[in-house]
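First up is the structure itself, then whatever we jot down about it.
The values are calculated or read from the model by the stated rules, or taken from the named source; none is laboratory data. What you are looking at is a predicted structure, and each value in this text was computed from that prediction instead of being measured. Ideal geometry is used to build each Cβ from the backbone, glycine not excepted, and the neighbour counts take in all protein chains shown. Protein only, heavy atoms only, side chains kept; ligands, DNA and RNA dropped before computing areas. Shrake-Rupley method; radii C 1.70, N 1.55, O 1.52, S 1.80 Å.
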Amino acid sequence: MIRMTLLRLAQAVPVLFAVSLIAFALLRTAPGDPAITLAGVGASQEQVDAIRHELHLDRSLPEQYVLWLQEALSGDLGDSYTTRQPVTELLADRFPATVQLALTALVLVIVIAVPLGVLAALRRGGAADHLVRILSLGGLAVPSFVLGMGFVLLFGWYVTGVWPYQGFVAYGTDPVEAFRHLLLPALALAFPQIGVVARTTRSGMLDVLSQEYITAARAFGVPERRVVAADALRNALLPVVTQLGVVTGLLLGGSVIVENVFGINGMGSLLVASFGERNYSVTVGVMLVIALVFVLVNLAVDLLYGAIDPRIRAGYRKGEA
Amino acid sequence: MIPAQSSLPSGPAAGPERVLGRLRAAAAPVGRAARLMTRRPAGICATVLVVLLAAVVLVGPWLAPDPNAQTAAPLTAPSGDHWMGTDNTGRDVLARFVAGARISLLVALVCTAAATVVGTLIGMAAALRAGGRFDILTMRLTDVVMAFPLLVLVPVLSGVFTQKGIAVGPVELDNVAIMAIAIGIALTPVFVRLARASALAEVRKDYMTAARCLGARRRDLVFGNLLPNIATPIVVQAAFSVAVAIIVEASVSFLGLGIQPPDASWGTLLTDARSQLLLGAWWLILFPTLGIAAAVLALTLLGDELRDLLDPRMRRTFHGKPRRRAPQPEAATEPAGRSADGELEEEIR
């Protein structure tokens, strides 16, 4: 397990390094001169030069990258071009909303999709099975932000005053209100993934249920409920766990869009606002943080998968992976 | 691979007849595919939707009025005059829907086509030098691009480059082109991986070794033998990728970072709808959504059907009955082994 963890970590490092290189390249190709922008209107040439020196813009590009990376690693992503707030502060401000939205959506996906998939597998051709098929096609066809707009139209125009459809309350301040506010955006965000995960659960379940050890368990007179819940489900969930890693990434990316429909001040609205102000240090900061989380989530899923399935660990021990 | 011409009557056929015959031979697989596509309900759905969308894109603009003309009263619900209603500045939504379909589908098709071609070429090249420097570099690069969620990478790329502007030589790229490039870059790694994995599996097979031993030229080996055998999963993935591209375009344009107004795309139509939601303008959101849903469903069903049709295990049904070979007088006198070799040689050439 330790060997596997170290190997996967070692693979993640060069990727993160390259991600930082891309982020830096984008920062430098973005239009406009950050020094002039930061100095503000009516600044003297000396002031601009002073800021240029402070931002290391008077050095060569490789030097700039090394200095920028050093600062980024120590938690300094520069200042916002407009408010001069440190970018990390802004990100720390907005990050919780996005994470809470994505996690709520993830919980919804798991709570809805897994039981649905199991039901669909147990009664093939039944109602749950049809629902899974409809959900997976519908989830593909209707993007989450469109569904979100449908919710806003429904609760903002047709049935007003029943359910909040704008704004964000943190779980830390008021859990009940937080859930009420996050339910609609999380449902919209989760919808495209529910069908996909339900389908994986269904096929995983069907796969496992046809295996001999299940027949053996049944022959020994183990109650069906236990066969399904204890013996089959655990093995059927392996592919689902892998998929949840991908799903988490998609939810994080999707929340960038959905936040803008529901007026949630998270990373997504920060990203959009940063373009409006041509505030590229913030743009790149958002991109870096989301990529970092995405890589870490995938790493965590790989490790989790190894923890559940001994065969994967064995593969790493033999050096096959 | 038996060349298509071999099934044609050779000999002194008249010019026009020969051209016609060739055309018929070239169209035959299309007709067969069309017949097979319409055999199952899902295939019929996909075919009908694709034909409808193609009609909207190709014929629509000549029938629909100017998408930017502010001729009607603002925010009227669908009626006989304006089948999809009007938006908040009095523009006809149907006209904008048709113009939007053109841009949305164009962007999706162009970027997927580019990603498919470039990704497949890179993937095959990586597989042919598996473990080499190029292979390792490419795989790490795909890791890096895939380290960004699609809905973060595409808006950042298109946003930065739309504001900065890129020129290829004297031609300044507009944001439709930039959007297509941004989505294309984000979609390419999937094709690189897919082509590489499929090619790696094929390269080890006997027919490839045989072709190599017979001294086939590299170009023929790759494009004549390898490519046709890895094409199936790539074609299927391309169909799904067009669907993904449509959704990504709509999402990013909705954020205001993709297609810029007054150009219409299904995404920008939804941006317009967003500000009118609390006025109950349901028609502004319904119709672009239907457009997106129809296109995505069509392509997903198409991808599923293609997968079934092109699957090697289904190939017999796809090509109909096994092809009957024309009797060749000299074949009888020659030893069987030699004729097989000759055929193989011909195939490589």
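Take the conditions open to solvent by less than 30 Å² (accessible area, probe 1.4 Å) and more than 16 Å from A:VAL289 (Cβ to Cβ) and apply them to A:GLN64. Does it pass?
Working: open to solvent by less than 30 Å² (accessible area, probe 1.4 Å): yes; more than 16 Å from A:VAL289 (Cβ to Cβ): yes.
Here the answer is yes, as A:GLN64 does meet what is asked.
Please work out if A:ALA92 is away from chain B (no Cβ under 14 Å) and touching a residue at least 40 places away in the same chain (Cβ under 8 Å). Steps first, answer last, please.
Details: away from chain B (no Cβ under 14 Å): yes; touching a residue at least 40 places away in the same chain (Cβ under 8 Å): no.
No; evaluated as a whole, the condition is false for this residue.
Looking only at the stretch B:284-304, filter to residues that are surrounded by fewer than 22 Cβ atoms within 10 Å (Cβ to Cβ) and small (Gly, Ala, Ser); which one of those is farthest from B:GLY90 (Cα to Cα)?
Result: B:GLY303.
Is it fair to say A:GLY254 is within 15 Å of the chain's Cα centre (by Cα), touching a residue at least 24 places away in the same chain (Cβ under 8 Å) and over 30 Å from A:VAL162 (Cα atoms)? Full working, then the answer.
Numbers: within 15 Å of the chain's Cα centre (by Cα): yes; touching a residue at least 24 places away in the same chain (Cβ under 8 Å): yes; over 30 Å from A:VAL162 (Cα atoms): no.
Taking the combined requirement at face value, the residue does not satisfy it.
For residues that are in a helix (DSSP H, G or I), more than 33 Å from the chain's Cα centre (by Cα) and within 22 Å of B:LYS164 (Cα to Cα), tally how many sit in the stretch A:36-63.
Selection size over the stretch A:36-63: 4.
Find the residue count for the stretch B:256-275, including only residues that are facing chain A (nearest Cβ under 9 Å) and crowded, with 24+ Cβ neighbours inside 10 Å.
Of the residues in that region, 3 qualify.
Are there any pairs with C-beta distances below 7 angstrom linking a residue in the stretch A:126-142 that is assigned by TED's automatic domain parsing to the domain that holds A:ILE194 and of a type outside the set (A, V, I, L, M, F, W, C) to a residue that is surrounded by fewer than 16 Cβ atoms within 10 Å (Cβ to Cβ) and not in a helix (DSSP H, G or I), with the two at least 6 apart or on different chains, and if so which?
A:ASP129/A:ARG123
Answer with yes or no whether A:ILE312 is β-branched (Val, Ile, Thr) and more than 29 Å from A:ASP76 (Cα to Cα). Reasoning before the result, please.
Working: β-branched (Val, Ile, Thr): yes; more than 29 Å from A:ASP76 (Cα to Cα): yes.
So A:ILE312 fits the description; yes.
Name the one entry in A:SER144, A:SER136 that is within 28 Å of A:VAL19 (Cβ to Cβ), surrounded by 20 or more Cβ atoms within 10 Å (Cβ to Cβ) and under 24 Å from the mean Cα position of the chain (by Cα).
A:SER144
So which pairs qualify, if the first residue must be in the stretch B:147-171 and more than 8 Å from every other protein chain (Cβ to nearest Cβ) and free of Cβ contacts under 8 Å to residues at least 12 places away in the same chain, the second must be part of a loop (DSSP other than H, G, I, E, B) and surrounded by fewer than 23 Cβ atoms within 10 Å (Cβ to Cβ), the Cβ gap must be under 7 Å, and the two must be at least 6 apart or on different chains?
Listed by first residue and then by second, the contacts come to B:ALA167/B:LEU173.
Within the stretch A:264-299, work out how many residues are surrounded by fewer than 24 Cβ atoms within 10 Å (Cβ to Cβ), at the interface with chain B (Cβ under 7 Å from one of its Cβ atoms) and assigned to a helix (DSSP H, G or I).
Qualifying residue count, the stretch A:264-299: 4.
Yes or no: the stretch B:178-198 includes at least one residue that is touching a residue at least 40 places away in the same chain (Cβ under 8 Å), among the hydrophobic types (A, V, I, L, M, F, W, C), open to solvent by 60 Å² or more (accessible area, probe 1.4 Å) and within 15 Å of B:CYS111 (Cβ to Cβ).
yes
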